[in-house]
Amino acid sequence: MNTYATRTRNARPEPFAVRVGIAERLGLAHMDWPLTIAAFALIAFSVFVLGEATQNDIPGDPHYYLERQAIYAGLGIVGMMLMTRIDYSRFRELRVGIYTFLCASVSLVFVFGFAARGSRRSFELPFFSFQPSELGKLLLVLALAGFVIDGARRGSAVQRTVRYLCLGLAPAGLVFLQPDLGTSLVYVVATLAVMYFGGVAWTHFAVIGGALVAFVAIVLVVAPAAGVPLLKGYQEERLTSFLSPHEHEGGAGYQQNQSKVAIGSGQFAGRGDRATQTRLDFVPERHTDFIFAVIGERYGFMGAAFVLSLYALLFWRALRITTLSKNAYGTLVAGGIAVALLFQTFVNVGMNLGIMPITGIPLPLMSYGGSSVLATFLAIGVLQSINVQAHLSQRGRFAW
Amino acid sequence: MFARNDHMPQGSRLSLRVAVVGGVGVVLFAILFFRLWNLQILSGDKYLAEAKNNRTREVKEIAPRGDILDRNGEVLVDNRTSLALQLNTAKLPEDPAEERTELAQLGQLSHMSLRKVRRTIAEGEEVAAGAPVTLRRDVGFDLVAYIEENQDEFPGVAVQRVFVRHYPDGSRAAHVLGSVGEIEEEELKEPQYKSLEPGDEIGQAGAEYAYDKFLRGQSGLTRIQVNALGQPTPGGQLVSTPPTPGDSLKLTIDGDVQAAGEAGLAEKGRGGFISMNIDTGEILALGSYPTFDPTQLIEPTQAEVDELYRDEELAPLVNRATEGAYPTGSIFKIITALAALENGVITPEQVVQDNGKIEVGGEPFENAGGVAHGPVELRRALQVSSDVYFYLLGLDMWETNDLQEWAHKLGIGRPAGLDLPEEGETLLPSKAWHEQFVKEGLALEDRPWSAGDNIQLATGQGDLQTNPLQMALAYAALGNGGKIPTPHVGLEVEDAAGRVVKEFDFNAQREFHIDPGYRTAILEGLHAAAQEGEGTAAGVFGGFPIDIAGKTGTAERQGHIDQSWFAALSPYPNPRIVTVATVEEGGFGAESAAPVVLDILEAIYNKQAAEVSSGGGAE
């Protein structure tokens, strides 16, 4: 009984009754350990795979990707720890500032951005190129969740839904124009997820779903037929080629075929250093978008299934946190992050396995890239913060 | 604490939403796991095979063709390495404008029009889709250097080392050697080429064609590990079958004799010659004029194509010695003589009055120039070439088929069995042929086979169509007493180390009996004709140190100046070599064909004399 009493929210805090341990000082005490372990295991595996598979990529610098990814991982872990210790609820108060920063940063890329392969996505900084749209995923979730909580009492249900949609689709549109189709899709999905956890009616989602289907039909079928191509040729080809890879063997389908061959050839135990598909450049972008193919070929079903299990664990823990949150904001943020992670994982791995189109979405914590690693760790830090706050509030205790 | 909003999902409503998302997550992960299982466990073998296939590329190493040597080991054809410009069409730029620019630039560099470049590519693709197309052989080093320096501008262009036939003596023995070329689509279906692939080279004419299976090497195959760009990766050579060079072919041709014959014929004009061992059928020299340099066939310019293939009058590719079809004039008379003697129509000593002219059925047949030779027997008739003597023999045999039977036996109007593919159509006029000819409505006038036709044939005129090769066989049979050898140019095959791998054995095609007395009588006549007093060719051969038996011929060809012929058996009286030459529009036999034969014989016997005096003694 006593135990139960101390766990109620309204219990009075006992002043100075706490012996603050080292774990609590570091903010580790109430972290979700399975989530932490999954994230650490994934990033460790990423550094390991990059070290094994990219030794010959940069002549004279066999550890180029390994060293950089390790640095990003270190920075990301520090960022995660910091996030863990901040009460995420403050972000709700900063929603307008966060949203403004998000829109400004993804727009500034158009002005100062570094053009890679015809698209401007990142700023060239002294040590790495920073891609604001990656961090933007987290910022969008944080801001939009705030708006959803905030706007809950204003306007009719339809008005609210339209407002959330517009708020979410504006940055998504900017990212789409960079052009970065994959990331803009993540924005759309994150927006829908926040709305979903924010209680938008099922009927609204049905309408949105219908509109999406119509939109896709217009973009891919009607508009080109009418002579107004909305997508760039390579975008359309990437999106549709997975449906008929053999027709596109030379182009977009080539990559997916090679990726499928790579993964399939790994069989159960993997080919290790005898892997040829991913070592001899048959699979493109093997350190970023197609890193799962490297895992599949080198470490076989064992390795790939292990990695997939870690993602499943990650998703489960993230989703679980939505139910633990001390407040609705935390639920919305955790839900947005969880669904965004699930979406990215599924689309990227599905792309590697040849069942999803090529959209250029990195595999969280696995693909090489500072922006993505950092943003994902910060998002996980936010999840940890929600978890920590939930525990602290349940104990009726605030952070030291 | 933040205010809770009523509409916010809480409790069971939130749980439902979380459960739905969780369910979606489970389904999505299940899809990924199932797909992964499907790819790696169920279809893993297939993909592993595909991956292994992916990383290797088979590179064919072309084997050099064997050399062709003359009977003394002198090189007539060998190879030189050359650089060929190859284009991998799959790697051309996708953008049509860029592709056009690249092809146009390539064309300019290799002196081809854009249209020709495109046509070459289209033709190459037709033969072997996907294989690299050879744009141009034999490109210069500066072009190669330029392309390698500007590799970025020429995606898909590669330079390959290939072997190109090399002819040290230009046109010498061109018709015998023949040419090589890429195998045609049709030829790929033939059984002897079943191991070949598009792009392989085979002999297309001459000895290159006839002895292709010895000359052609076996291409080597190297599997190399490549990356996605098709570039070899370090240490990636997997399996390698080295190419086996082709064996060398030694011909029966004697390069010096050949050269002498060609030089002699070139002075006189269009025609052909053959010099052959009458017992073995080994051909010492075989030539035709106008000739060509086989190098021209490798990469002919338009002007060369016009000259080589289009000019029907010159027709340099035609071997007139084996593909020609002409009446022979008086050199045919030995056949008439043999037929008459063997059939008892006449004896060698029987004297015939030659008044310079006979009349058969109201039609006059005259000696050349209307000269009357008076009383002549066989020997004299041959010496002075009395037409009347042979007209009468032709007349005597016109109702029988005796003349045709002997001509046929001696090889006239039938395949000579030459080991080269170039043998032309010939015709031995006979009653049966004439009737068939008339029946088919091909004759100018509808009349039966007449005595006149046979009289014409008896002196090698009229409808007779033969060539130096067939006449050489007939003379060979006379010289050796009734044996038709198989004429051939292939002597033996040697491997790269010079060991003889195969000696060709050409047996005589057929033998029949020729009365030695008749043979001697005819040879006497021929000897007199060639080298004694009033002999028709005495002016040419009178001073020749070796005794020979020879006969001039002057054939009448409709619409042409007379064709000059000469056939010789040497040495007399026990001949070993037959030499026949003909010169189109060369006039009398002694005028142009006999000097050609003289040039050949001088080359043969000067050489023999030199060899004898130097202690050697081949032949």
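Quick note: the coordinates plus some simple rules give every number you see, no bench work behind them. From a predicted model like this one, the values you see are computed outputs, not experimental measurements. Cβ: placed from backbone, ideal geometry, glycine included. Neighbour counts: every protein chain shown.
General remarks:
- Computed on the Cα trace of the protein assembly as shown, the radius of gyration divided by the Kirkwood hydrodynamic radius gives Rg/Rh = 1.30.
- Efficiency of FRET between B:Val305 and B:Ala432 - r from beta-carbon atoms, R0 60 angstrom, step 0.05: 0.90
- Local charge for A:Ser89 was computed over the other residues whose Cβ lies under 12 Å away, with Lys and Arg +1 and Asp and Glu -1, and equals +2.
- Database remark: amide H of B:Thr466 closer than 5 angstrom to the amide H of B:Tyr326, B:Leu427 (H placed geometrically; neighbours at sequence offset of 5 or more, or on other chains; Pro and chain starts carry no H).
- Highest-first arrangement of A:350-357, B:450-457, where packing means the average Cβ count within 10 Å: A:350-357, B:450-457
- Note that the range A:64-77 has calculated 3J(HN,Hα) couplings of 3, 6, 4, 4, 5, 5, 5, 5, 4, 4, x, 4, x, 5 Hz, one per residue in order, obtained from phi through the Karplus relation 6.51 cos²θ - 1.76 cosθ + 1.60 (θ = phi - 60°); glycine and proline are x.
- Per-residue ³J(HN,Hα) for the range B:590-602, Karplus 6.51 cos²θ - 1.76 cosθ + 1.60, θ = phi - 60°, Hz, x for Gly and Pro: 6, 6, 10, 5, 4, x, 5, 4, 4, 4, 5, 5, 4
- For the pair B:Gln151 and B:Ser15, label points projected 7 Å from Cα toward Cβ lie 6.7 nm apart.
- Note on chain B: the C-alpha convex hull projects to 45.7 nm² when averaged across all orientations.
- Peptide packing: for A:358-369, B:490-501, the average count of neighbouring Cβ atoms within 10 Å per residue gives the ranking A:358-369, B:490-501, highest mean first.
- A:Asp150-A:Glu285 pseudo-label distance in nm [points 7 Å out on the Cα-to-Cβ vector]: 3.4
- Within the shell of other residues whose beta carbon sits under 10 angstrom from the beta carbon of B:Ala174, the net charge comes to -2, with Lys and Arg scored +1 and Asp and Glu -1.
- When DSSP beta bridges are restricted to pairs lying wholly in chain B, around 95% turn out antiparallel.
- Virtual paramagnetic centre 7 Å along Cα→Cβ of B:Ala496, amide N under 16 Å, in the range B:149-174: B:162-164
- When the alpha carbon gyration tensor of the range B:462-619 is reduced to an equivalent ellipsoid, the three semi-axes, largest first, read 28, 20, 18 Å.
- Summing charges over neighbours of B:Phe365, with a neighbour being any other residue whose Cβ is under 10 Å away from its Cβ, gives -3 when K and R count +1 and D and E count -1.
- At an R0 of 35 angstrom, the distance between the Cβ atoms of B:Glu425 and B:Asn401 translates into a FRET efficiency of 0.95.
- Across the alpha-carbon set of the range B:474-537, the Rg to Rh ratio works out to 1.23, Rh being the Kirkwood radius.
- Centroid-to-centroid separation of the range A:292-336 and the range B:143-205 [C-alpha atoms, Å]: 61
- Annotation: amide H of B:Arg510 within the under-5 Å range of B:Ile484, sequence separation 5 or more or interchain, hydrogens built in the peptide plane.
- Packing-based order for B:246-259, B:578-591, B:404-417, using average beta carbon neighbours within 10 Å, highest first: B:578-591, B:246-259, B:404-417
- Placing unit charges on the Cβ atoms only, positive for Lys and Arg and negative for Asp and Glu, gives the range B:269-340 a dipole magnitude near 500 debye about its Cα centre.
- Per-residue average of Cβ from other chains inside 10 Å of A:267-278: 3
- Here the scattering of the range B:271-389 is modelled by Debye summation over its C-alpha atoms, one equal scatterer each and no solvent; at q = 0.11, 0.16, 0.20 Å⁻¹ the log10 of I(q)/I(0) is -0.63, -0.89, -1.09.
- Note on the range B:259-413: with charges restricted to the Cβ of Lys and Arg (+1) and Asp and Glu (-1), its dipole about the Cα centre is near 460 debye.
- Label sites at A:Ala226 and A:Ala104, each approximated as a point 7 angstrom past Cα along Cα to Cβ, lie 3.8 nm apart.
- Calculated from backbone phi, Karplus (6.51, -1.76, 1.60) coupling profile of the range A:187-199 in Hz, x at Gly/Pro: 4, 4, 5, 4, 4, 4, 5, 4, 4, 4, 6, x, x
- Taking amide hydrogens as placed 1.01 Å from N in the peptide plane, the amide H of B:Ala158 sits under 5 Å from those of B:Gln86, B:Leu87, B:Asn88, each at least 5 positions away in sequence or on another chain.
- Neighbouring Cβ atoms from other chains, within 10 Å of the Cβ of residues in A:319-326, number 3 on average.
- When each of B:Lys431/B:Lys483; A:Lys260/B:Lys46; B:Lys268/B:Lys333; B:Lys409/B:Lys439; B:Lys91/B:Lys189; B:Lys333/B:Lys551 is checked by Cα-Cα distance, pairs over 18 Å: B:Lys431/B:Lys483; B:Lys268/B:Lys333; B:Lys409/B:Lys439; B:Lys91/B:Lys189
- The range B:368-439-the range B:257-315 distance, computed between alpha-carbon centres (Å): 27
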